[in-house]
Amino acid sequence: MISEHLRAIDFNKKLKSWYLKNHRPLLWRQTTDPYKIWLSEIILQQTRVAQGTPYYQKFLDNYPTVFDLANADERDVLRLWQGLGYYSRARNMHFTARQIVNDFGGKFPETAAALSKLKGLGHYTAAAIASFAFGEAVAAIDGNVYRVMARIFGIKSDMLSNEGKKEFAAIAKELVSHEDPATYNQAMIEFGAIQCVPVSPNCAICPFNDICYAFAFNVQNALPVKSKKMAVKKRFLNYFVIQQGQDLAMQERKTKDIWKGLYDFYLIESAGPVESPDELPENQTLQTFLMKGNLREVPKSYIHLLTHQKLHVQFWWIKIRDEESVDLPIGLKFFSKNEIETLPKPILIDTLLKEEKYL
Ligand code: SF4
């Protein structure tokens, strides 16, 4: 609980005055439209503002209302999202747009409790929309806010544990402004994003340095406490780019794995690195491709990092000889250059095709 000398009202006054002087004029701050706020919040999860802003603009240009997004084809939504990563966010967003249109007549629910029942909306996003759009006095606690609270109030509980979350939530509930919850939440988030930053915050100019626990005990780097991250899994993806004339064989990824809904090439995953297709387990389809086409011996190799996976990716290019034709296995299909341009693809595949001057 916050101490007597630090009444929520004083805290909020200081916070608001800092915010009014220092905040960045971000596009989505200038609206109370829940659709725009929701869009910005989903795009900005795990994404920096500079990277997310053009996507926010692109989505609004293409889908100005929740009805437009609901009516869109998932493939187009994924294509627009391409490059942002974490594609399940785009799929959930599209699903939720349809739910809002079909179940709520296109109107967003107005409370955090009701919003958090929608797919892809956690407590934070629900609270952000409820307070920014509808003025509900609920605290929106994102990673920035956890850091600010842990440091100022000296909270040492693990922010990812259930107990920790409860402790943070209880203090946040005391702090949140009932007069202007939208500005309070924006200010807390912004304060964490640009003042109380993860590494080397400039505490000398901080308006809370007189009451901040972390500053007093010089433990800024130790707070907040977070449990150890999940181990990063290594994966070895061996792609075969099958080219017939100008067309390439691609398939939609349908299994519950990375890049679901995006298009990639014929893939054989191996337990470790391979230097030649001969080292892969016997595979009839690959044998046929190799028999009927010319293999470019040296693959293009990339290392691609995802949150919990390190992908070692190789692309081997096989050009089917003009006199041959191949039957593709179920799922794979030849696409023309123009079609490939419009397909949603993992950014790595887009990069490869550009480096190969195919696109
Ligand atoms: S004094 Fe430093 S650690 Fe404390 S809130 Fe300010 S910037 Fe963060």
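Quick notes on this one:
- Net charge dipole size for segment 8-222 [Lys, Arg +1 and Asp, Glu -1 on Cβ; Debye, nearest 20]: 380
- For residue 197, the amide hydrogen comes within under 5 Å of the amide hydrogens of 202, counting only partners 5 or more places away or on other chains and with H modelled in the peptide plane.
- Cα-based shape type of segment 233-355, given that a ≥ b ≥ c are square roots of the gyration tensor eigenvalues and the cut on a/c is 1.5: oblate
- Selected from 117, 21, 173 as most flexible by GNM, with the chain as the system and alpha-carbon contacts under 10 Å: 21
- For the chain, the solvent-accessible area of protein heavy atoms averages 51 Å² per residue (probe radius 1.4 Å; ligands and nucleic acids excluded).
- Net charge over other residues, Cβ less than 12 angstrom from the Cβ of residue 134 (K, R count +1; D, E count -1): -2
- Residues considered: 297, 323, 41. Largest GNM mean-square fluctuation over the chain, using C-alpha springs under 10 Å, is found at 323.
- Solvent-accessible area, 1.4 Å probe, carbon plus sulfur percent, for the chain: 52
- Among beta bridges identified by DSSP and lying wholly in segment 231-359, the antiparallel ones come to about 65 percent.
- Once the Cβ-Cβ distance of residue 336 and residue 20 is raised to the sixth power relative to R0 = 56 Å, the FRET efficiency obtained is 0.55.
- Couplings for segment 193-210, taken from phi via the Karplus curve 6.51 cos²θ - 1.76 cosθ + 1.60 with θ = phi - 60°, read 6, 10, 10, 8, 6, x, 10, 6, x, 7, 5, 4, 9, 7, x, 9, 5, 7 Hz in order; Gly and Pro are left as x.
- Between the C-alpha center of segment 9-36 and that of segment 261-333 there is a gap of 50 Å.
- Considering only 39, 65, 144, and ranking their Cα positions along the charge dipole of the chain that arises from unit charges at the beta-carbon of Lys, Arg, Asp and Glu, the one farthest toward the positive end is 144.
- Distance between the pseudo-spin-label points of residue 210 and residue 275 (7 Å out from Cα toward the beta carbon): 6.9 nm.
- Anisotropy class assigned to segment 8-222 is prolate, per the alpha carbon gyration tensor with a/c at or over the 1.5 cut-off and a/b larger than b/c.
- Each other residue within a Cβ distance under 11 Å of residue 148 adds +1 if Lys or Arg and -1 if Asp or Glu, for a net charge of 0.
- Counting only DSSP beta bridges with both residues in the chain, the antiparallel share comes to about 65 percent.
- Close Lys pairs in segment 149-258 (alpha-carbon distance under 20 Å; sequence gap of 8 or more, or different chains): 14.
- Cut-off 9 Å between beta-carbons: net charge of the residues surrounding residue 343, Lys and Arg +1, Asp and Glu -1: 0
- Overall form of segment 208-299 per C-alpha gyration tensor (a/c, 1.5; a/b vs b/c): prolate
- Segment 27-142, relative contact order [Cα under 8 Å, separation at least 6], %: 25
- The chain: most fluctuating residue of 267, 39, 84 per GNM, C-alpha cutoff 10 Å: 267
- Dimensions (Å) - the chain, Cα atoms, principal axes, largest first: 83, 48, 33
- Distance between modelled label sites at residue 58 and residue 221, nm, 7 Å Cα→Cβ extension: 3.8
The values are calculated or read from the model by the stated rules, or taken from the named source; none is laboratory data. Everything numeric in this text was worked out from a predicted model, so none of it was measured. Using ideal geometry, Cβ is built from the backbone for each residue, glycine included, and neighbour counts are taken over all protein chains shown. Side chains are part of the model used for accessible areas, which takes the heavy atoms of the whole protein and leaves out ligands, DNA and RNA. Shrake-Rupley method; radii C 1.70, N 1.55, O 1.52, S 1.80 Å.
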